[in-house]
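The structure under discussion appears below in the form of structure tokens.
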Amino acid sequence: MEIQYTAIPAERLEAMRSAGTDEFQNKWQLRVAEGWEPLRCCLRKAEVDEDIALICYSPWESPSPWMEAGPIFVHYEACSGYADTSVHPESLLHSKAIMNPFDHTGA
């Protein structure tokens, strides 16, 4: 089995930024990073004083018994994302964060 490490699709984030809300209608609000926040838009930790947002996000776009939503951090403005999906993000190698794996069906 091939493992891929993927960030949130840039198109979905841009739609939320443009709307001023996340997909659950929570206001898109500027926060200033303390430097510990795991960013799901580019799969790295935030740097101190970076502009970020805390949003509610679900990776599923259609109904699924596995569907869940939760709070995540992203850059407030668009970033370069995460390009090399075959490599575990370096900055998260020693993180205490949990990565949830999903197969191609979303399970």
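The values are calculated or read from the model by the stated rules, or taken from the named source; none is laboratory data. No experiment lies behind these values; they were computed from the predicted model shown. As a convention, Cβ positions derive from the backbone with ideal geometry for all residues, glycine included, and neighbour counts pool all protein chains shown. Each accessible area value is taken on the protein alone, full model and side chains, heavy atoms only, with ligands, DNA and RNA left out. Shrake-Rupley method; radii C 1.70, N 1.55, O 1.52, S 1.80 Å.
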**Request:** Please give, to one decimal in nm, the separation of the simple spin-label points placed at Lys27 and Ser95, each 7 Å out from Cα toward the Cβ.
**Result:** 2.8 nm
**Asked** Excluding the sites themselves, what is the longest stretch of the chain that contains no chymotrypsin sites (Phe, Trp or Tyr not before Pro) in a DSSP loop with at most 15 other C-beta atoms within 10 Å?
**Response** 67-101
**Request:** If a/c stays under 1.5 just call it rounded; otherwise compare a/b with b/c (prolate if a/b is bigger, oblate if not). Do that for the chain, with a ≥ b ≥ c from the square roots of the Cα gyration tensor eigenvalues.
**Result:** oblate
**Request:** Could you state the accessible area per residue of the chain in Å², with a 1.4 Å probe and every protein chain left in place?
**Result:** 69 Å²
